């Protein structure tokens, strides 16, 4: 018997469960514009939102509010999801749900970011996109500052101010006494907190990539292969490797910016 939890007026013990085959069928119907299938799919996946809300139980924010914000992330994930990604919907959706909740927690916290600082940060993101559109791969902070005609220090401060913090006490796996916290993975001076939080977000984003893009990123950035070596190993052209790599990087930037 499912444990009853009522949140935002919803009895979560009565949420439907879907098999992998049922999920695939609903996604096909959703793709054809079936609104009933869309509602059924979203309702069945609200358990994902609930599990993410539990991770923020120490935030002292209203659980109903967190749940509603998480549901916005769920809807956003479904709007952007494509079965051709060859990943489970839950894998793709979790970073977006977390992104919406974290943004809400940050904006509701005692640390307030001025409107001017936020405007500078958003202008910096627009400048980065403009540089990327001109084929400037991985524009530096100095290039972004030059594009905006502002001191680089302003860009650094603005982007840092809107970044999402992660607590060392945030659980990353397991339940109860077996729960693994972020701090459990921090060992010695070689792995400062900021590196571990970045790695956790990056690992989650990479796991949501289509399989071939994930392979290319793994070979290029974790094993240090050249594009020529990757093309030979995967049996595809160097141009395909380059395209897959660029697509993966764009997708990762989108997920990490959530």
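The values are calculated or read from the model by the stated rules, or taken from the named source; none is laboratory data. Being a predicted model, the structure only gives us computed values, none of them experimental. Counting neighbours? That spans all protein chains shown, and the Cβs are built from the backbone with ideal geometry, glycine included.
Counting only residues that are free of Cβ contacts under 8 Å to residues at least 24 places away in the same chain and either buried (at least 21 other Cβ atoms within 10 Å of the Cβ) or closer than 13 Å to residue 94 by Cβ (or both), how many does the range 58-79 have? Residues in the range 58-79 being free of Cβ contacts under 8 Å to residues at least 24 places away in the same chain and either buried (at least 21 other Cβ atoms within 10 Å of the Cβ) or closer than 13 Å to residue 94 by Cβ (or both): 1 in total.
Sub-6 Å Cβ pairs linking a first residue in the range 29-51 that is assigned by TED's automatic domain parsing to the domain that holds residue 77 to a second residue that is surrounded by 13 or more Cβ atoms within 10 Å (Cβ to Cβ) and in a loop (DSSP other than H, G, I, E, B), at least 6 apart or interchain, are 44/18; 46/15; 47/15, ordered by first then second residue. Scanning the range 32-57 for residues that are farther than 15 Å from residue 98 by Cβ and exposed (fewer than 13 other Cβ atoms within 10 Å of the Cβ) returns 32, 33, 35, 36, 39.
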